[in-house]
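A.B. asks: Encoded as structure tokens, here's the structure I'll be asking about.
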Amino acid sequence: MANTPGAKKAIRKIARRTEVNTARRSRVRTYLRRFEEAVAAGDAAVAKTAFVEAQSEVMRAVTKGVIHKNTASRKVSRLAARLKKLAVA
């Protein structure tokens, strides 16, 4: 248990930050899910717009410190590959 006032404040800050980061992570997952649904439906036009939105949201999460830059790049790369595969088919 925290004893000093500084430690108690740190606990409060961590709780607030955790709540915000959870919401941001959830938002990223929502955009990724929308892209997945568009790909599953086989609609290339909708998938393209969903990809642009998902890419933007993933990279925004990087600037906010929610996910690591390399992780985001890997995710976007895989999304782009799936979009390209859908466009060719």
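We did not get these values from a lab; they are worked out from the coordinates using the rules stated. Keep in mind that this is a model prediction, so the values were computed, not measured. A quick note on method: Cβ atoms are made from the backbone with ideal geometry, for glycine too, and the neighbour counts reach across all protein chains shown.
A.B. asks: Output the number of the condition that Asp43 fails; it satisfies all remaining conditions of (1) of a type outside the set (Val, Ile, Thr); (2) without any contact (Cβ under 8 Å) to a residue 12 or more places away in the chain; (3) loosely packed, with under 12 Cβ neighbours inside 10 Å.
C.D. replies: Every listed condition holds for Asp43 apart from (3).
A.B. asks: Hey, another quick one. What number of residues within the stretch 30-62 are farther than 18 Å from Ala87 by Cα and of a type in the set (D, E, K, R)?
C.D. replies: 3
A.B. asks: Check Arg25, Arg60, Arg33 and return the single one that is surrounded by 15 or more Cβ atoms within 10 Å (Cβ to Cβ) and within 12 Å of the chain's Cα centre (by Cα).
C.D. replies: Working: Arg25 fails: surrounded by 15 or more Cβ atoms within 10 Å (Cβ to Cβ); Arg33 fails: surrounded by 15 or more Cβ atoms within 10 Å (Cβ to Cβ).
The conditions single out Arg60.
A.B. asks: Out of all the residues in the stretch 10-22, is one or more outside any helix (DSSP H, G or I), on the phi < 0 side of the Ramachandran plot and among the polar types (S, T, N, Q)? Lay out the reasoning, then the answer.
C.D. replies: Of all residues in the stretch 10-22, those outside any helix (DSSP H, G or I) come to none.
Within the stretch 10-22 (the criterion being outside any helix (DSSP H, G or I), on the phi < 0 side of the Ramachandran plot and among the polar types (S, T, N, Q)), the answer is no, since none of the residues qualifies.
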